[in-house]
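Below is one structure; the comments refer to it alone.
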Amino acid sequence: MSGANSPQGGLTRRSFLKTTGLAIGAGVAGVSLSTLDGAEAVQFEDGSKADEGEVITTTICRSNCSQACLFNVHARDGKVVKLTPKEYETELYSGCCLRGLSMQERTYSDKRVKYPMRRVGERGADQWERISWDEAFTEIGEKFTEIQDKYGKQALAVSRLNGNGCALNGAGSFVALFANATEATLQGFSIDQAFEYAAFRVLGTFCTNETLDAVNAKTILVWGFNPAWASPQTWRCFMEARDHGAKIVVVDPIYSASAARADKYIPVKAGTDTLIALALLNRVIADGDYDAEFCMKRSTAPCLVRRDTGMLLRQSDFDDELKEKLAGGDAATSEFAQLIAARAAAGESARIDDFYVWDESANEARLFSECETPALFGSFEVDGIQVDTVFGLLKDRVSEFSFERAIEECGISAEDMQYLYDCYTDGGPLWLAGMYGIDHYWNGHLWSFAAASLSAITGNVGKHGATYGSLWNSGLQVSTNASWTEVEGKAASSDLVPNAMRDVIISGKYQGEDFPIKAMLITNANTISNEPDQNSYINEVLPRLEYIVSMDIEFTDSARYADLVLPVSFWLEQEDIRINNGNPYLAISEKAIDSLFESKVDFEIFTGIADAMGLSKEIPQKSAGEWIDLIMDSKDLGQSGITYDRLKKEKAIRLVGSKENPFVQSEKTFPTNSGLAELYCESPAPRYDFGQDYSEYVDKERMPYWESTLEVADESLAATYPLQFLQVHSRWMTHTQWFGNESMNELMPEPLVYLNQHEAESRGIVENDVVRVYNDRGYVKVRCHIHNGLQDGIAWMPKGWQRDQFIEGCYQELSHTKVNPMSVNYNFYDIRVQVEKGE
Ligand SMILES: Nc1nc2c(c(=O)[nH]1)N[C@H]1C(S)=C(S)[C@@H](COP(=O)(O)OP(=O)(O)OC[C@H]3O[C@@H](n4cnc5c(=O)[nH]c(N)nc54)[C@H](O)[C@@H]3O)O[C@H]1N2
Ligand SMILES: Nc1nc2c(c(=O)[nH]1)N[C@H]1C(S)=C(S)[C@@H](COP(=O)(O)OP(=O)(O)OC[C@H]3O[C@@H](n4cnc5c(=O)[nH]c(N)nc54)[C@H](O)[C@@H]3O)O[C@H]1N2
Ligand code: SF4
Ligand SMILES: [Mo]
């Protein structure tokens, strides 16, 4: 096959991207660029043209950046020579960043794990001997079996995070199949959960509209999110929206890359955003600037809350027959199931047991579905039961949060409060682009609860140009369900969230019962680098594990602390598919070259380990194609009727929506239990119950409220550790991926901590000084860069570096493992440090 990419005339955005791609390839493949105009200008040193004899395959970038950029992989003689961006049929989703383009470098990186390696020195000392795959599988099979026989099945833990977003070799599926087959303990997630937890409470979903629909927004409110770095594809859609007249507003304590390109930057004090959202909620309700039609018809605002039970007044409160049926056996359940399915098919609410509202004209309670103009405020008595409307209760709840208080406590100006207010109340549509900045605080879910409620009552959800969230996720609409990972009669012991897993490993107990975990298999995760409180992980967790295996592409910190390291094939060596985040495509990832060195693809490694454990019936030998066929047949994806053969031909297939009519979720009903935007949570439950005490939270969690941050707001701690430490996601790495990449290291040669002039001067620090950033948990030694885009009181560091890249220590020693009992999410940014000068 010859190259398909002929050069475009002129320097359009597309050809610029291609040229950038070539420039990256140039460093490695030894090519020269004579003009800026495209592929024909590229001449290899041996005189051949760039596309002669090339085999071009399609791949997808799959780190947790989640933009799922599509690429052509150009290979010659079994060697990758360059990557170029490949277009999605929706142009705005096409494109990439330099990380993706440098995948070729990662393929041939000297950081790769090349062979199975067994530790010979101390853990972490980086001394290894090469062993064969046979030896590796035999040893792992014996050790895992021995440990499970001695301590119980749960004693083997599988630690996974988000290394690879693909369906076969990614963090989700085969990992679950393996954990089910071995009945191991599977690690859940305590990361990126707070924002979604609260969004689900109100809207039953998050990121309702596909990213392209941002072009229909009037205001794009970027709140605690840095899309210019974190989501380049999303940012491209935002820039297109701006060309269409949308204004971009950024709320951030940092003058971020996104803030610098916005129409309006609103600085705030970190960790106080909830107060701002509560004050806005208060005034919107008090001044009557809500969308009354939306509130009455599409939200639970008019529903009636029983004073005696705190529950919503429902049909079954007065209808004994319905009550009995609801509590009844299978027949009733299946009757309801049919009704729910029929209604869902018609896009109607699945609500069986309808709510009561107050019909003012009739002066009586009526069912929600039968009342056109229910009262939004008021207290009533229905058959002797005292009730208040949800909206009235919400109004009372937020009444203490004034603009004045927000201005005093949140570092926001009166003008900016008014500006935000106008954005919400000018008729919109307003696109709330929030993501994971505020998520990394103790009170993160409370901001999301208030902000989702605010988007709802102002009518800024469920229509074109209005969304709540950002990282739009096809998987929420069309998922591969777990059915293909089910193993007859077996299942993972417990899907333990990481913060609980650590305590369990240390204490040997789970919810009061013995629960020893003694072996760990790390895959698709750089656990030791990305988990908080690194010193406790290394000194308290790891020593309690008798055997640690790391499956990774590169020698990361996690690999370094393992007993055995298995070489995983890089993405260009894997055949896979991806249900994208960021855009609504199902995309293929073809195998561009054979696995390098002695590396193997994840599913092959799992199959080998299962075989060595006597579990080949549970995980039989199959080819990648056979496994992918199974995935294509699984629940939702199966219903789409798309076959793997079709995907092989088309490479990327839109799953929902169209270029002309982007997908909008919830135009009629929300995927909540009631089908409505739920402004009142009847039975608040923690996101994950691992036995924590959350009793004091249940009552207040019914509606948004204020609780401060943990360390950031701790005045007593501020005396010793006056700076908040933000270790943000860096531009040139996705977490730790690309940590050792030559091109990325040229752009960002070493880890740095940033302080503003005032904070630096007050410590006698000048540009480039070596400084020590520390707190009670640990320290890191790095050079300092002065940056006046930072507020006083903040130390800032793009994250991802591995331990040996710092002068000493690591930023991850400074974070802690405490989680809010409701959101159960790590609070990486809710920490305090001091910075001092010192070699
Ligand atoms: N201090 C601090 N810590 C943080 C955060 C923060 O803001 N501050 N952010 C947190 C967040 S939001 C997240 S999502 C987590 C991310 O945590 P991780 O998911 O652990 O992030 P990565 O660094 O991308 O590590 C993934 C690992 O998977 C490997 N990998 C990639 N592809 C494959 C594959 O096909 N097979 C296998 N076996 N391995 C593969 C990569 O080489 C890499 O070592 O980090 C969290 N940690
Ligand atoms: N380049 C790159 N892209 C990535 C990743 C990466 O590592 N590198 N990681 C991916 C993953 S897993 C994730 S979770 C996302 C994360 O993507 P983002 O959500 O953009 O992540 P962050 O870097 O945590 O922070 C976003 C912004 O929140 C701001 N912020 C911090 N504290 C506060 C606060 O109290 N209030 C407000 N209003 N803003 C605050 C920060 O200053 C920052 O500008 O990015 C994904 N994309
Ligand atoms: S890192 Fe993200 S933006 Fe960059 S190429 Fe990969 S998927 Fe695209
Ligand atoms: Mo994340």
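Rounded to the nearest 0.05, the FRET efficiency derived from the C-beta distance between Thr643 and Glu682 at R0 = 60 Å is 0.85. Close amide H pairs (under 5 Å, H built 1.01 Å from N) link Trp223 with Val251, Ala433, Gly434, Met435, residues at least 5 positions away or on another chain.
Return one whole number: the accessible area per residue of segment 636-718 in Å², for a 1.4 Å probe.
Values: 4060 Å² over 83 residues.
With the other protein chains kept in place, segment 636-718 gives 49 Å² per residue.
Of the trypsin sites (Lys or Arg not before Pro) found in segment 587-671, those that fall in a DSSP loop while having at most 15 other beta-carbon atoms within 10 Å are Lys617, Lys622, Lys659, Lys668. Pair-distance distribution P(r) for segment 292-393, from all Cα-Cα distances in 10 Å bins starting at 0: 16, 42, 31, 11, 0 percent.
Dividing the C-alpha radius of gyration of the chain by 2.2 N^0.38 Å, with N its residue count, gives 0.96.
Give the calculated FRET efficiency between Gln511 and Asp149 to the nearest 0.05, with a Förster radius of 30 Å applied to their Cβ-Cβ distance.
Working: r = 24 Å, r/R0 = 0.79.
Taking R0 as 30 Å, the efficiency between Gln511 and Asp149 is 0.80.
Averaged per residue, segment 292-393 has 51 square angstrom of accessible surface, using a 1.4 angstrom probe with ligands and nucleic acids left out.
By definition, a body whose alpha carbon gyration tensor gives a ≥ b ≥ c is oblate when a/c is 1.5 or more and a/b is not larger than b/c, and segment 568-626 fits this oblate description. Across the options Gly459, Gln477, Leu647, the greatest Cα extent toward the positive end of the charge dipole of the chain (unit charges at beta carbon of Lys, Arg, Asp, Glu) belongs to Leu647. Helix 173-182 axis versus longest C-alpha principal axis of the chain: approximately 90°, rounded to the nearest ten. Projecting each Cα onto the charge dipole of segment 174-284 (Lys/Arg +1, Asp/Glu -1 at the beta carbon, about the Cα centre), which of Ala176, Trp235, Thr272 comes out farthest on the positive side? Ranked along the dipole, the leading option is Thr272.
Using only C-alpha atoms and all pairs of different ones, pull out the Kirkwood radius for segment 715-837 in Å with one decimal. Show your work: numbers first, answer last.
Numbers: mean 1/r = 0.0673 Å⁻¹.
About 14.9 Å, per the Kirkwood formula over Cα pairs.
Highest-first packing order for the peptide set 486-494, 390-398, 447-455, 809-817 is 447-455, 809-817, 390-398, 486-494, based on the mean count of other beta carbon atoms within 10 Å.
Under 5 Å from the amide H of Asn209 lie the amide H atoms of Tyr468, Gln665, each residue being 5 or more positions distant or on a separate chain, with H modelled from the backbone and absent for Pro and chain starts.
Entry comment: accessible area of segment 186-284 is 23 Å² per residue, from protein heavy atoms only and a probe of 1.4 Å.
I'd like to compare 124-135, 819-830, 543-554: which one has the highest average count of other Cβ atoms within 10 Å, and what's the full order after that? Mind showing how you got there, number by number?
Values: 124-135: 13.0, 819-830: 25.3, 543-554: 20.9.
Highest to lowest by the protection proxy: 819-830, 543-554, 124-135.
Tell me the carbon and sulfur percent of the accessible area for segment 576-618, rounded to whole percent, probe radius 1.4 Å.
On the way: 510 of 1280 Å².
With neighbouring chains kept in place, the figure for segment 576-618 is 40 percent.
Report the FRET efficiency, 1/(1 + (r/R0)^6), for Glu324 and Thr138, where r is their Cβ-Cβ distance and R0 is 60 Å, rounded to 0.05. All intermediate terms of the calculation are to be shown ahead of the outcome.
On the way: r = 60 Å, r/R0 = 1.00.
The computed FRET efficiency comes out at 0.50.
Note on exposure: Glu598, Glu293 ranked by accessible area (1.4 Å probe, complete protein assembly) read Glu293, Glu598, with the most exposed listed first. In a reduced charge model with +1 at each Lys and Arg Cβ and -1 at each Asp and Glu Cβ, segment 715-837 shows a dipole moment near 260 debye about its Cα centre. Taking each residue as 0.36 nm, the span from Ser361 to Ser334 lengthens on full extension beyond its C-alpha to C-alpha distance by 6.0 nm. Modelled this way, with points 7 Å down the Cα-to-C-beta line, the labels at Ala491 and Glu707 are 2.9 nm from one another. Using only side-chain charges placed at the Cβ, +1 for Lys and Arg and -1 for Asp and Glu, the dipole size of segment 347-476 relative to its Cα centre rounds to 500 debye. Nonpolar atom fraction for segment 639-743, defined as the carbon and sulfur part of the 1.4 Å probe accessible area, stands at 45 percent.
The simple spin-label model puts a point 7 Å past each Cα toward its Cβ; for Asp243 and Glu750 those points are separated by 4.1 nm. When +1 charges are put on Lys and Arg Cβ atoms and -1 charges on Asp and Glu Cβ atoms, the dipole computed for the chain relative to its Cα centre reaches about 1720 debye.
Per residue, the convex hull spanned by the alpha carbons of segment 546-597 comes to 108 Å³. For Trp358, Trp229, the ranking by accessible surface with the largest value first comes to Trp229, Trp358, using a 1.4 Å probe. Each peptide among 568-578, 499-509 gets the average number of other Cβ atoms lying within 10 Å of its residues, and from highest to lowest they stand as 568-578, 499-509. If you take the square roots of the eigenvalues of the alpha-carbon gyration tensor of segment 786-839 and sort them as a ≥ b ≥ c, do you get rounded (a/c under 1.5), prolate (a/b over b/c) or oblate? Here segment 786-839 falls in the oblate category.
Calculate what fraction, in whole %, of the accessible area of segment 274-401 sits on carbon and sulfur atoms when a 1.4 Å probe is rolled over the protein chains. Working shown, then result.
Details: 2780 of 6070 Å².
C and S atoms contribute 46 percent here.
With the charge dipole of segment 59-122 set up from +1 on Lys and Arg Cβ and -1 on Asp and Glu Cβ about the Cα centre, the Cα lying farthest toward the positive end among the listed residues Cys61, Thr84, Gln104 is that of Gln104.
Taking 0.36 nm per residue of sequence separation and removing the Cα-Cα distance, the Arg123/Asp776 pair yields an extension gain of 232.7 nm.
Please give the helix 133-151 orientation as an angle from the longest Cα principal axis of the chain, in degrees from 0 to 90, rounded to the nearest 10. Taking Cα atoms only, the helix is inclined about 40 degrees. Of all lysines in the structure, the ones whose alpha carbon falls short of 19 Å from that of Lys617, not counting any fewer than 8 places away in one chain, are Lys153, Lys490.
Taking 0.36 nm per residue of separation and subtracting the current Cα-Cα distance, fully stretching the chain between Gln386 and His758 would add 128.1 nm.
The values are calculated or read from the model by the stated rules, or taken from the named source; none is laboratory data. Not measured: the values here are computed from a predicted model. Cβ atoms come from the backbone with ideal geometry, glycine included; neighbour counts cover every protein chain shown. The area values use the complete protein model at the heavy-atom level, side chains included, leaving out ligands, DNA and RNA. Shrake-Rupley method; radii C 1.70, N 1.55, O 1.52, S 1.80 Å.
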